[in-house]
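Just below is one structure, and these are the notes that go with it.
The values are calculated or read from the model by the stated rules, or taken from the named source; none is laboratory data. Since the model is a prediction, treat every value here as computed from it, not as a measurement. Note that each Cβ is placed from the backbone with ideal geometry, even for glycine, and that neighbours are counted across all protein chains shown. These accessible areas exclude ligands, DNA and RNA; they are computed on the full protein's heavy atoms, side chains included. Shrake-Rupley method; radii C 1.70, N 1.55, O 1.52, S 1.80 Å.
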Amino acid sequence: MTLLITVFAAVISTAVWYKGMPKDEMKTGILCWLYWGASIMWFVDAIFEYGELHAAYFTPAPEDLLNDTFLGLAVVALGLIIWVVRLLVTDPKGVIRGALFHKDTKSAQHSRS
């Protein structure tokens, strides 16, 4: 389930990235790399787990399926958090910078009065 969730996230983020090219102002390419990296990691994990379990790999217990779903969603959420933090730090559209400087000019005007 983790592989399936991260592959869906990788495909969706890649489609969003491709649609926004060549500008990519929101830096969705970072999100693509994160999710494709996680997908490759879970794919390798699936190969080794299949090597251990063989046919039993395709019939997981409901508890294992639920745990894998939560883990996959947690990986997607962590990827989004990393992307948002990077977006806020780089501030490609200058929104945060503009808000901070606009606030400073207001406080400077109030102190002069």
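Some observations on this one:
- 10 Å Cβ shell holding at most 16 others, DSSP loop, trypsin sites (Lys or Arg not before Pro): longest site-free stretch of the chain: 28-92
- The length gained by stretching the chain between residue 64 and residue 44 to full extension, at 0.36 nm per residue less their Cα-Cα distance, is 5.4 nm.
- Calculated FRET efficiency for the pair residue 97/residue 33, C-beta based, R₀ 22 Å, to 0.05: 0.30
- Note that segment 30-42 has calculated 3J(HN,Hα) couplings of 4, 5, 4, 4, 4, 6, 5, x, 5, 5, 5, 4, 5 Hz, one per residue in order, obtained from phi through the Karplus relation 6.51 cos²θ - 1.76 cosθ + 1.60 (θ = phi - 60°); glycine and proline are x.
- Listed by chain and number, the aspartates and glutamates placed with their C-alpha closer than 12 angstrom to that of residue 93 are 24, 25; residues fewer than eight positions away on the same chain are left out.
- Fraction of accessible area attributable to carbon and sulfur, the chain (%, probe 1.4 Å): 72 percent
- Computed over the chain, the ratio Rg/Rh where both radii use C-alpha atoms and Rh is Kirkwood: 1.25
- Segment 2-112 - accessible surface per residue (Å², probe 1.4 Å): 74 Å²
- For the pair residue 78 and residue 16 in one chain, pulling the backbone fully straight at 0.36 nm per residue adds 20.5 nm over the alpha carbon distance.
- Site pair residue 56 and residue 25 shows an inter-label distance of 5.4 nm when each label is modelled 7 Å from Cα along Cα→Cβ.
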